[in-house]
Amino acid sequence: MRSRIEEKISLHKFELIKIRKWILSLNGEKIYNKRKISSIYFDNSNYSMFSDSEEGICPRSKLRIRSYDDKKIFFLEKKISNQNFRLKKNQEISESKFIYFLKRGLIEKNYGICRPKIIVSYIREYYMLKNIRITIDVDIRYSLFNSKITKFDKSNVMELKTDQIFKKDFINNFFYFKRTRFSKYCRGLQLLLK
């Protein structure tokens, strides 16, 4: 598990071109080709992970299984949020384990049995600027697990990420954009369960 700083900035469509130009004008560079990311989020029957996230309770956890570009390679990810930083544990799992978790759920300390709740998919772009990794997520879609109902997010999100905790002041000063709370899991549930 590694700790990191993760800041989020909500963007509207008209801001995307401006942000990309700003990154490149400061010698930022594209570090990967864009790709589609799909995540299945798990929670218990009381939606405690959702509630903890909405209320800002720390520490709190999120569980998801992620895949890239619709390939049959799966990663079980656990995110723990504390007051000043986040921890993320990432482990590749087999397709058979993926299917098992979808059917049986996952057991998580403090939350009990967690089952799949929603699927979130989006296109991610990757940049590097001043040793800060920047991702821009566009075309964000939410679906209830085992449902054909899909909702689209009107916003996009830029995330600033670094493993270097001492860079927090630099990030706050250099990336002057307004920060926002942008949990795809929470936004998706709010849109889908209205």
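Remarks
- Contact map, the range 73-99: residues that are closer than 19 Å to Cys58 by Cβ and at pLDDT 95 or above paired with residues that are charged (D, E, K, R) and in a strand (DSSP E or B), Cβ distance under 6 Å, separation 6+ or inter-chain. Pairs shown: Glu77/Arg64; Glu77/Arg66; Lys78/Lys89.
- Search result, residues across the range 131-144 that are loosely packed, with under 13 Cβ neighbours inside 10 Å and under 29 Å from Phe170 (Cβ atoms): Asn131
- When Asp163 is tested against the conditions (1) crowded, with 18+ Cβ neighbours inside 10 Å; (2) closer than 22 Å to Arg4 by Cβ, the lone failure is (1).
- Within the range 90-102, being exposed (fewer than 12 other Cβ atoms within 10 Å of the Cβ) and either within 16 Å of Asp52 (Cβ to Cβ) or touching a strand residue (DSSP E or B) at 6+ places or on another chain (Cβ under 6 Å) (or both) holds for Gln91, Glu92.
- Restricting the range 103-130 to residues that are in contact with a Phe, Trp or Tyr (Cβ under 8 Å, 6 or more places away or on another chain) and not in a strand (DSSP E or B) leaves a set whose member that is surrounded by the fewest Cβ atoms within 10 Å (Cβ to Cβ) is Lys130.
- Selected residue (criterion: surrounded by the most Cβ atoms within 10 Å (Cβ to Cβ)) from residues of the range 27-53 that are in contact with a helix residue (DSSP H, G or I) (Cβ under 9 Å, 6 or more places away or on another chain) and within 18 Å of Ile140 (Cβ to Cβ): Tyr41
- Lone qualifier among Lys71, Lys89, Lys18 - being of a type outside the set (A, V, I, L, M, F, W, C) and touching a Lys or Arg at 6+ places or on another chain (Cβ under 8 Å): Lys89
- Hits in the range 27-68 (condition: touching a Leu at 6+ places or on another chain (Cβ under 6 Å) and farther than 28 Å from Ile93 by Cβ): Gly28
- Checked against the criterion of being of a type in the set (D, E, K, R), under 20 Å from Cys186 (Cα atoms) and in contact (Cβ under 8 Å) with a residue 12 or more places away in the chain, the candidates Lys62, Lys34, Lys30 yield just one match: Lys62.
- So Arg124, is it modelled with pLDDT of 95 or more, out of contact with any helix residue (DSSP H, G or I) (no Cβ under 9 Å at 6 or more places or on another chain) and under 14 Å from Ser39 (Cα atoms): yes
- Residue tally, condition without any contact (Cβ under 8 Å) to a residue 12 or more places away in the chain and in contact with a Leu (Cβ under 7 Å, 6 or more places away or on another chain), over the range 138-194: 0
- Only one of Ser183, Ser147 that is surrounded by 13 or more Cβ atoms within 10 Å (Cβ to Cβ) and among the hydroxyl-bearing types (Ser, Thr, Tyr): Ser183
The values are calculated or read from the model by the stated rules, or taken from the named source; none is laboratory data. Keep in mind it's a predicted model, so treat the numbers as computed, not measured. For neighbour counting, all protein chains shown are included, and Cβ atoms are generated from backbone atoms with ideal geometry for every residue, glycine included.
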